[in-house]
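*Asks:* Below you'll find the structure I mean.
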Amino acid sequence: MSQTNNSGHPKGLYVLFATEMWERFNYYGMRAILIYFMTDALLFSKPFASNLYGGYTSLVYLTPLIGGFIADRYWGNRNSIIVGGLVMALAEFVLFFCASLYKSSPEVSSILFYTGLGMMIVGNGFFKPNISSMVGQLYAPGDKRTDAAYTIFYMGINVGGMVGPFICGLVGNTGNPDDFKWAFLAGAIGMIISVITLHLLKNKYIVNHDNKPIGVVPEHMADSNSPIKKPMSIVSILGFAVLVAIAMGLLYLHGKQIFDLSYLLIGALALILFVIFSDKSLTKIEKQRIIAIFVVSFFVIFFWSAYEQAGASLSFFAAEQTELHINLFNFNVPPSWFQSVNSAIIVLFAPLFAWIWIQLGKKNKEPSSPAKMAIGLFLLAMGYLWIAFGVKDVLPNVKVSMIWLIGMYALHTWGELCLSPIGLSLVNKLAPLRFASLLMAVWFMANAAANVLAGKLSALYPPGPAEIKKAGQFGIDLQNILQGKIVATTEQIAKLKELEIPYAFSSFLGYSIHNLYDYFILFVIMSGVASLILFLLTSWLKKMMHGMK
């Protein structure tokens with residue numbers, strides 16, 4: 001019996017589409033309100049919440065290395081996805097209780113918060129890498145429909161990424177901290193729908209072109225009695241508990257700036273470099289292609305560290321200095337809704353960008369992959385330049401039109417379309433087959449490093465109305481200090497540091513930040529310089545790629 005629908009794709013593709021869509025609904029919906037929950041309900045300072053956010057999103061990119069390893073050798077894709085999904089659903093319920101107890105039992109709530117995030121990190125590690133790999137397994141080798149299948153699947157990701165922040169923001173980001181729990185509950189429901197969808201339909205539709213099941217337990221484990229083979233064995237459950245505990249510990253230590261996750265990433269990178277370049281069988285061409293992967297991955301850090309401000313500092317900006325009231329409908333827009341803009345623009349513009357590359361290719365004018373990525377960085381810089389003009393000379397208590405934020409997100413998303421899918425495809429093309437997974441890990445490690453840096457940069461976000469009011473309670477006229485009308489005394493600066501209000505100690509590599517304009521211009525400089533250097537390196541990288549585009 002054929003499992004192909006009228007559009008010419010296996011029905012299994014749409015099962016995976018729905019499974020991934022609901023998981024992304026959960027992940028992005030929860031992420032959209034996370035920074036608000038930390039600052040408005042748990043009353044974390046902005047610098048601490050920013051570092052914690054960066055640590056969380058960084059670890060989310062690292063755990064797929066473990067989840068992919070376990071799936072390949074022991075559980076198979078299906079079991080790993082279902083277990084990872086259940087752990088994430090349970091994590092959302094833990095966060096629901098955390099958000100229910102933050103007033104009455106703050107200590108218990110704090111423990112539940114770190115437990116919930118730790119479970120989300122580990123659950124995502126088992127879900128995310130395995131569902132993506134199954135899409136390609138639905139098709140025969142060389143099937144021309146595979147690229148289109150990934151495009152359809154990518155739309156599922158972005159539909160979930162668009163609807164998740166909208167729904168979770170609607171029910172949770174209401175201005176009343178007591179309502180955050182409903183956002184976590186909505187995420188849990190989305191995750192349960194995701195798991196049920198796959199569980200009920202996997203045997204009928206998740207099959208290859210010969211109608212044989214895919215994503216099952218690896219052959220060498222099929223007849224094994226090893227407890228590791230079974231996801232629900234005591235050994236596996238204990239392993240999960242250990243991973244969650246490690247994630248919780250790393251998250252807390254990073255947030256408190258006791259241990260920097262950057263050191264973990266540097267150590268992992270050094271190990272990967274040693275493993276790859278100690279292989280004597282590598283040819284000169286292979287080595288040069290691998291070097292090209294490392295170079296473009298390095299520039300990706302600059303892109304994502306600025307782009308990922310969406311869930312951190314730009315969330316502060318949306319809540320504090322963006323006019324959210326729509327007079328026509330007499331309605332206040334939840335600030336977390338702005339995190340739906342990125343996915344909505346991807347859904348609208350991804351086909352256009354694909355068409356542009358095809359048309360340029362027909363005329364032999366299509367830019368190389370590194371050049372496209374440099375264009376992506378340039379568009380990112382233009383997005384920050386746009387919003388920098390929007391806030392120039394604007395006081396912290398003055399709100400600006402939401403068009404500045406929406407315009408910036410549009411430019412950032414167009415930049416993403418030039419960089420993210422292009423870079424991912426480039427790694428696949430350049431990596432020698434025997435190191436394909438390891439070099440893909442390098443790509444995701446660059447994303448992890450970018451998120452650590454994103455948290456550090458978000459911690460430099462200048463004081464807003466809440467911080468100015470807080471400083472005023474201690475006799476510090478922070479607004480006039482920020483305007484340069486008066487100079488802060490040594491004692492006042494010490495007090496601001498104690499209160500974790502980033503003034504007079506906000507600088508990045510010698511660049512001082514006193515207001516929002518300075519802050520956004522930092523990203524213009526950072527991504528603009530990175531774009532220029534990558535443009536200059538394009539010819540050299542094309543030589544290192546040896547014919548790969």
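*Asks:* Once the piece of chain linking VAL487 and ASP179 is laid out straight, how much longer is it, given 0.36 nm per residue of separation minus the C-alpha distance between them?
*Replies:* Extra length from VAL487 to ASP179 when fully extended: 106.8 nm.
*Asks:* Shifting gears a bit: Which peptide among 450-457, 61-68, 212-219, 123-130 comes first, and what is the full order, when sorted by highest mean count of other Cβ atoms within 10 Å?
*Replies:* 123-130, 450-457, 61-68, 212-219
*Asks:* What is the spin-label model distance, in nm, from GLU500 to ALA466 if the labels are put 7 Å beyond Cα along the C-beta direction?
*Replies:* 1.1
*Asks:* Need the C-alpha centroid separation for segment 250-323 versus segment 344-409, integer Å.
*Replies:* Each part's Cα centre sits 22 Å from the other's.
*Asks:* Would you work out the Kirkwood radius for the chain? I mean one over the mean of 1/r across all pairs of different Cα atoms, in Å.
*Replies:* 24.5
*Asks:* In debye to the nearest 20, how big a dipole does the chain give about its Cα centre with +1 on each Lys and Arg Cβ and -1 on each Asp and Glu Cβ?
*Replies:* Numbers: 38 positive and 28 negative charges, 317 e Å.
Here the chain has a charge dipole of around 1520 debye.
*Asks:* With a sphere of radius 13 Å drawn around the Cβ of ASN447, what net charge do the other residues whose Cβ falls strictly inside it have (Lys, Arg +1; Asp, Glu -1)?
*Replies:* Numbers: positive: LYS128; negative: GLU308, GLU416.
Neighbour charge sum, excluding ASN447 itself: -1.
*Asks:* Find how much the distance from LYS144 to LEU238 grows on full extension, using 0.36 nm per residue of separation minus their present alpha carbon separation; answer in nm with one decimal.
*Replies:* 29.5 nm
*Asks:* Under a point spin-label approximation (7 Å from Cα along Cα-to-Cβ), what is the LEU509-ALA354 distance to one decimal in nm?
*Replies:* So the two model labels end up 3.6 nm from each other.
*Asks:* Right, another one. Express in whole angstrom the spacing between the alpha-carbon centres of segment 94-171 and segment 437-496.
*Replies:* Measuring centre to centre over Cα atoms gives 28 Å.
*Asks:* Provide the FRET efficiency to the nearest 0.05 for the SER104-LYS399 pair, computing r from the beta carbons and using R0 = 41 Å. List each step's numbers first, then the result.
*Replies:* On the way: r = 34 Å, r/R0 = 0.82.
Result of the calculation: an efficiency of 0.75.
*Asks:* Which far-off residues, 5 or more places away or on another chain, put their amide H under 5 Å from the one on THR322, with H placed in the peptide plane?
*Replies:* The list, which skips near neighbours in sequence, is VAL400.
*Asks:* Quote the relative contact order of the chain in percent (integer), defining contacts as alpha-carbon pairs under 8 Å separated by 6+ residues.
*Replies:* Details: 840 pairs, mean separation 118.6, N = 549.
Computed over the chain, the figure is 22 percent.
*Asks:* Under a crude label model (7 Å from the Cα following the beta-carbon direction), how far is ILE152 from ILE111 in nanometres?
*Replies:* 4.8
*Asks:* Rounded to the nearest 20 debye, what is the charge dipole size of segment 179-315 about its Cα centre when +1 sits on each Lys and Arg Cβ and -1 on each Asp and Glu Cβ?
*Replies:* Computed about the Cα centre, the dipole is about 180 debye.
*Asks:* What is the dipole size for segment 463-505, taken about its Cα centre, with +1 at each Lys and Arg Cβ and -1 at each Asp and Glu Cβ, in debye to the nearest 20?
*Replies:* In total the dipole reaches around 80 debye.
*Asks:* Let me ask something else. Return a whole-number percent for the relative contact order of segment 79-183, with Cα pairs under 8 Å and 6 or more residues apart as the contact set.
*Replies:* Taking the mean separation of contacting Cα pairs over the length of segment 79-183, I get 29 percent.
*Asks:* Still on this structure: Between PHE331 and LYS280, what is the FRET efficiency for a Förster distance of 60 Å, r being their Cβ-Cβ separation, to the nearest 0.05?
*Replies:* The value I calculate is 0.35.
*Asks:* Determine which residues of segment 296-331 fall in the zone a paramagnetic label at ILE406 would reach in this model, i.e. backbone nitrogen under 18 Å from the point 7 Å along Cα→Cβ.
*Replies:* Under 18 Å, as judged by backbone N against the label point of ILE406, lie 315, 317-331 of segment 296-331.
Here, each number is a calculation from the coordinates, and none is a lab measurement. Predicted model only: the values in this text are computed from it and were never measured. Using ideal geometry, Cβ is built from the backbone for each residue, glycine included, and neighbour counts are taken over all protein chains shown.
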